[in-house]
1. May I ask you to verify whether D621 is assigned to a helix (DSSP H, G or I) and open to solvent by 70 Å² or more (accessible area, probe 1.4 Å)?
2. From the list R310, R302, which residue is over 28 Å from F674 (Cα atoms) and buried (at least 19 other Cβ atoms within 10 Å of the Cβ)?
3. Keeping to the range 288-321, report how many residues are farther than 13 Å from A512 by Cβ and among the hydrophobic types (A, V, I, L, M, F, W, C).
4. Collect the residues in the range 624-645 that are in a helix (DSSP H, G or I) and surrounded by fewer than 16 Cβ atoms within 10 Å (Cβ to Cβ), keeping them in residue-number order.
5. For the range 283-341, give me the residue count where each residue is in a loop (DSSP other than H, G, I, E, B), over 30 Å from R222 (Cα atoms) and touching a residue at least 12 places away in the same chain (Cβ under 8 Å).
6. Is there any pair with a first residue in the range 395-424 that is under 17 Å from E446 (Cα atoms) and modelled with pLDDT under 90 and a second that is open to solvent by 30 Å² or more (accessible area, probe 1.4 Å) and not small (G, A, S) whose Cβ atoms are under 6 Å apart and which are 6 or more apart or on different chains, and what are they?
7. Which members of the range 558-582 meet the condition of being within 24 Å of P230 (Cα to Cα), assigned to a loop (DSSP other than H, G, I, E, B) and of a type outside the set (G, A, S)?
8. Only one of (1) surrounded by fewer than 19 Cβ atoms within 10 Å (Cβ to Cβ); (2) more than 14 Å from V634 (Cα to Cα) fails for F255. Which number is that?
Amino acid sequence: MSDDLDRLQAALRANAPQPPPGARERASAAGLAAFDDRRQGIGDRQRQTGSVAIDTTSPLRRLAMLLSRPYPALAGVAAILVVAAIVSYQTLVIREPADPAVPPPPAPSAEPVTVAEGVDQASEPKAVEEPIEVAGLDPEAVEVLAEQAPEPLAVASQEAGIEKAAPDSLARSVQVEASVEAFADVAVAEYAEAPSAARSLATSVELEAVDAPSVGYREQGRDRFEAFDPNPVKVAAEEPVSTFSIDVDTASYAFMRASLNQGVLPQPDAVRVEELINYFPYGYAPPAGPETPFAVHVSLIRTPWNDATRLLHIGIKGYELAPAARPPANLVFLVDTSGSMDSPDKLPLLVNAFRMLLDALAPADTVAIVSYAGAAGTVLEPTPVAERGAIAAALETLRAGGSTAGAEGIRQAYLLAERHFLEGGVNRVILATDGDFNVGFTDPDELEGYIARKRESGLFLSVLGFGMGNYNDALMQRLAQNGNGNAAYIDTLTEARKVLVEEATSTLFPIAKDVKIQVEFNPALVSEYRLIGYETRMLAREDFRNDKVDAGEIGAGHTVTALYEVTPAGSGAERIAPLRYGEQETAPSAGRDDEFATVAIRYKLPDAETSTEIARHVTGDDAVASAAAAPEDVRFAAAVAAFGQLLRGGRYTEDYGYDDVIAAARAARGEDPFGYRAEFLSLVRLAKTAAVMEPLRR
């Protein structure tokens, strides 16, 4: 017999301490009063949890009820008392196999409860083959109660002066040989004389019992997005200038897709229309050479959802870098391994995504790995991609568990990148997380300030988001914007390949930074305008020429698209009534009566500190006679813009609907080598029948 069991039996044979005078009466009276007050609530909980109703006609059964119900957290104590009290009151005998080598213990003052038949005393307690039969109580109910509370049982045993026995289900290994009445007296006295300790125990156990995830549980409804309203209509005569930072992120599209594939519409703030538009590659002509890192294309087409207005389409194409011209890369993979990442769509997908990224890197590029959970640490020092096996093996060691010290992980990743900084190369931290930072400094302003200072030293940050239900998009967008990087959301291996393999050069190798766009409208030809999307990227007019103001970056070969809906002057389609006391007419500018607008772009080369500006005038020559005559890329981008606006409520899309989007996108599908546009059509069809809110799942 084990030493633990010997000590347990010795303790059980000892005389049980007696409760103070009147302790039982006081505890019983208080408990019964509380029980009466909560009788209805108990019934409700029984119906919700499927608990078995227990007869309370006997005093000891009432005692068990009052201990378990007024303070639900003491379910473990109640479980042992329910069985023990009924055993004593109605004489339960559980047989123990005879052991000729061990003499029988002396009989205690009350009827004993011996070891259950089938329990091997020389090893860990095993399941009892025969169910324990208790008069008046369903055997399955005993097992359910016991299995729910092994830890409270141990705590109750310690409170009664009994050493902790080997934990297991009560119904499978009841190893108590003490007097049931004495045990009950001690428990009642301890509870009555030490209510604060009992309540402390109740609180801790209740949190574990109530909040413990059930089988199949998945966090949901805690995804966080920055709230914003659609850009309003502006009167060109009052505010002729619109300024914004470019955005090449695609996280919103991937999250929208993940929601619709589950049959649920994404929440409106999860839909950033410009990210839906920029998810797709477009065939804009590239610039002639690297001297000007991108080319600008503009056109005016009829608005699909409003025949009286026009869409000003602005397309930017970045310069393509030849593989031999790519600078060397110093990359640090910063991996969230906290408990919130323990899901198939998080850490396992993340590991496979980073394995794919290795295919897009040169053998001489270096990769390091830092992981963080409750703390942060270096998993792999900078290693050449040529040693792919070592990097892959390090990725395979990652396991999820613990809290989320994201800020400390960021700090250590930057320190590692600084120690191996490549002059003239790409120095970038790639953060992969669901954004659930909860340890260390978690204030977004502090994190942004830290990342912005590192950006000035040439260290950039990109963010890859994973998972649903607890996804903090708002934080990741802010970190990526301040780190001169992009934010993507990875929901499938296909998306991982798109972002990290097919678009690796545009993701990792910038050709221009702090790229800003400013459009000035001619009030003589344009009465109103509104920018579609880019709500979280708007800049003040004076920020355009301020080189201290941060903006977005463009990678090699990247495309960026922006759309304005404009109302021609004199069309009668204005949404804003003219001022009674304002000027009713605007005289055309001399020599510029054919210019609808001027598109200006400022940017810095990757190593430059001052901006360069280029401009492009929009004239009548850029107007397309009919929708059918517009390029396929322009028409498809317009269809995606309509879809994004519909997902956000369709404030400005009139009676345009999902079927109209499908027809327009199908007609403009064009070449689709990767199937992205075909997938878009499927998503629009899913949106037609998607639920507004996901039903609660546990």
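1. On the way: assigned to a helix (DSSP H, G or I): yes; open to solvent by 70 Å² or more (accessible area, probe 1.4 Å): yes.
So D621 passes the test.
2. Working: R302 fails: buried (at least 19 other Cβ atoms within 10 Å of the Cβ).
One residue alone meets the criteria, R310.
3. Total satisfying the criteria: 9.
4. We begin by selecting, within the range 624-645, every residue in a helix (DSSP H, G or I); these are 627-629, 632-645.
Within the range 624-645, A628, A629, E632 qualify.
5. Here is the first cut: in the range 283-341, the ones in a loop (DSSP other than H, G, I, E, B) are 283-293, 304-305, 319-322, 326-328, 337-338.
Then keep just the ones that are over 30 Å from R222 (Cα atoms); that gives 283-293, 304-305, 319-322, 326-328.
Those left that are additionally touching a residue at least 12 places away in the same chain (Cβ under 8 Å): 283-287, 289-290, 292-293, 304-305, 319-321, 326-328.
Summing the residues that are in a loop (DSSP other than H, G, I, E, B), over 30 Å from R222 (Cα atoms) and touching a residue at least 12 places away in the same chain (Cβ under 8 Å) in the range 283-341 gives 17.
6. T404/N438; T404/V439; A405/V439; A407/F441
7. Filtering the range 558-582 down to residues within 24 Å of P230 (Cα to Cα) leaves 559-569, 571-579.
From what is left, the residues that are assigned to a loop (DSSP other than H, G, I, E, B) are 569, 571-579.
E574, R575, I576, P578, L579 - these are the residues of the range 558-582 that are within 24 Å of P230 (Cα to Cα), assigned to a loop (DSSP other than H, G, I, E, B) and of a type outside the set (G, A, S).
8. Every condition holds for F255 apart from (1).
The values are calculated or read from the model by the stated rules, or taken from the named source; none is laboratory data. The shown structure was predicted, so the numbers you read here are calculated from the model rather than taken from an experiment. FYI the Cβ positions are ideal-geometry reconstructions off the backbone, even for glycines, and counts take in every protein chain you see. These area figures cover heavy atoms from the full protein model, side chains too; ligands, DNA and RNA do not enter into them. Shrake-Rupley method; radii C 1.70, N 1.55, O 1.52, S 1.80 Å.
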